[in-house]
Amino acid sequence: MVRFTVLASGSKGNCTVISGGHTRILVDAGLSCRELFRRMKAAGEDPATLDAIVITHEHQDHVNGLAVTARKLGIPVYFTEPTHRAWMRWLTPRRQMSYAQWLELCRKQAAERQAEVVTATAICDAVEPDPEEGEAEVQAVAAEQNDTVAEPKPATQPSMKEDPTWLPAVEYFQAGQSFSIGDIRLDPFTIPHDAADPVGFVLTAERVRMGYATDLGYVTPNVKQQLKGLDLLLLESNHDLEMLRDGPYPWSVKQRVLSRVGHLSNDAASEFLSTAYDGQAAYVILGHLSENNNLPELARVAAERALLGRASLLANRLVLAEQHQPLVPIIF
């Protein structure tokens, strides 16, 4: 059995559980660990059975609960290397300082080094070492070490304060190169978004092919090619153009969302579905809907028009993913 369960989709958090065969993975961990576990249980998924977490990109709504969840479950996290580095930088930001502050820091460090030199010199002048006494001490320590074998200290997991970037295990993958986690094969592909190295996926389990493409500014030829021959398609339908332009966001944010590395509008998703989509998926899920710049019915109507004439009992059943509650699992 293959299960595809969207736990959350939107600007406040994104998480999807995909299971096939004996493997269960989490794509993105944008909810807190507590909320993620609550929604998994509500959807009939056991958090303890997760085998891995796979990250599409490092933005907060995709990684918010990542470290805590991975630590609690003791499972590996799969990133591209640039995404992992960007995530670590996000968790450990560098403090900015003025030139005057930098000069003061340099003076303090120089004063501390000078003080250490003065202290060390004073100690050396005050105590004249006895060569014979020193040799005897070395022999005594060696004899003690031969008689006693020290027990190794148990390894301790660092706390979030000590190292917020610590994970039980990290695995790297690259866009364009297939890899497998247990019984699930993943084919990552590059998507246009303002992140370090964002990817979408085609996931295959028990011959069921599932496409995962959100957070992309436009549908590139590569993405169009990847999203063919699917049994399920999760596609972004982020905003209505008029609502975004008239909405509350600052103009700089509106420009980002509208850019070719921003988010897919209802119109852009509709255009893909009407012109480049092959119409084969049993389910089309619209995801990452903006709460401020979209309405579910606007996204639904745009997609339904694009799929007009293709709907059937076997294909193109349209579903809208939600931000605040999980979808009913889709089972193949």
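THR92 passes all but one of (1) touching a Pro at 6+ places or on another chain (Cβ under 8 Å); (2) surrounded by fewer than 18 Cβ atoms within 10 Å (Cβ to Cβ); (3) at pLDDT 95 or above; which number fails?
In the conditions (1) touching a Pro at 6+ places or on another chain (Cβ under 8 Å); (2) surrounded by fewer than 18 Cβ atoms within 10 Å (Cβ to Cβ); (3) at pLDDT 95 or above, THR92 misses (3) alone.
Looking at the structure I just gave you, is ASP61 of a type outside the set (Val, Ile, Thr), closer than 25 Å to ASN292 by Cβ, modelled with pLDDT of 95 or more and touching a Ser or Thr at 6+ places or on another chain (Cβ under 6 Å)? Reasoning before the result, please.
Details: of a type outside the set (Val, Ile, Thr): yes; closer than 25 Å to ASN292 by Cβ: yes; modelled with pLDDT of 95 or more: yes; touching a Ser or Thr at 6+ places or on another chain (Cβ under 6 Å): yes.
So ASP61 fits the description; yes.
Given (1) modelled with pLDDT of 95 or more; (2) over 25 Å from ARG207 (Cβ atoms), identify the lone condition not met by PRO248.
(1)
Out of the residues in region 238-292 meeting the condition of being surrounded by fewer than 21 Cβ atoms within 10 Å (Cβ to Cβ) and of a type in the set (Asp, Glu), tell me which one is farthest from THR5 (Cα to Cα).
ASP246
Name the residue, out of ALA120, ALA110, that is out of contact with any helix residue (DSSP H, G or I) (no Cβ under 9 Å at 6 or more places or on another chain), part of a helix (DSSP H, G or I), at pLDDT 85 or above and surrounded by 10 or more Cβ atoms within 10 Å (Cβ to Cβ).
Numbers: ALA120 fails: at pLDDT 85 or above.
After ruling out the rest, the residue left standing is ALA110.
Regarding HIS84, is this residue assigned to a helix (DSSP H, G or I), in the same structural domain as SER11 (by TED's automatic domain parsing) and more than 18 Å from LEU7 (Cβ to Cβ)? First the steps, then the outcome.
Details: assigned to a helix (DSSP H, G or I): yes; in the same structural domain as SER11 (by TED's automatic domain parsing): yes; more than 18 Å from LEU7 (Cβ to Cβ): yes.
So HIS84 fits the description; yes.
Just the residues that are under 19 Å from VAL328 (Cβ atoms) and outside any loop (DSSP other than H, G, I, E, B), please, taken from region 279-302.
TYR283, VAL284, ILE285, LEU286, GLY287, PRO296, ALA299, ARG300
Restricting attention to region 303-312, and to residues there that are part of a loop (DSSP other than H, G, I, E, B) and of a type outside the set (A, V, I, L, M), which single residue is surrounded by the fewest Cβ atoms within 10 Å (Cβ to Cβ)? Break it down stepwise before answering.
Taking region 303-312 and keeping what is part of a loop (DSSP other than H, G, I, E, B), we get 307-312.
Narrowing further to those that are of a type outside the set (A, V, I, L, M): 309-310, 312.
Working: GLY309: 8, ARG310: 16, SER312: 10.
Restricting to residues being part of a loop (DSSP other than H, G, I, E, B) and of a type outside the set (A, V, I, L, M), the top hit is GLY309.
Name the pairs whose Cβ atoms lie under 6 Å apart, with the first residue in region 305-322 and in the same structural domain as TYR277 (by TED's automatic domain parsing), the second polar (S, T, N, Q) and surrounded by 14 or more Cβ atoms within 10 Å (Cβ to Cβ), and 6 or more positions between them or separate chains?
Final answer for the pair search is ALA306/SER270; ALA306/SER274; LEU307/ASN316; ARG310/ASN316; ALA321/SER9.
Suppose we keep only residues that are in a helix (DSSP H, G or I) and in contact with a Ser or Thr (Cβ under 9 Å, 6 or more places away or on another chain) within region 68-81. Which one would you say is nearest to TRP166 (Cα to Cα)? Spell out the reasoning first.
Step one: of region 68-81, the residues in a helix (DSSP H, G or I) are 68-73, 81.
Cutting the leftovers down to in contact with a Ser or Thr (Cβ under 9 Å, 6 or more places away or on another chain) gives us 68-69.
Details: VAL68: 10, THR69: 12 Å.
In this case the residue turns out to be VAL68.
Looking at region 177-191, which of its residues are buried (at least 18 other Cβ atoms within 10 Å of the Cβ) and touching a Phe, Trp or Tyr at 6+ places or on another chain (Cβ under 6 Å)? Talk me through it step by step, then tell me what you get.
Step one: of region 177-191, the residues buried (at least 18 other Cβ atoms within 10 Å of the Cβ) are 181, 184, 186-191.
Passing the criteria: LEU186, PRO188.
Looking at PHE4, PHE79, which one is closer than 27 Å to GLU291 by Cβ, of a type in the set (Phe, Trp, Tyr) and surrounded by 15 or more Cβ atoms within 10 Å (Cβ to Cβ)? Break it down into steps so the answer makes sense when it comes.
Details: PHE79 fails: closer than 27 Å to GLU291 by Cβ.
Just one listed residue meets the conditions, PHE4.
The values are calculated or read from the model by the stated rules, or taken from the named source; none is laboratory data. What you are looking at is a predicted structure, and each value in this text was computed from that prediction instead of being measured. Heads up, the Cβs are rebuilt from the backbone with ideal geometry, glycines too, and the neighbour counts pull from every protein chain shown.
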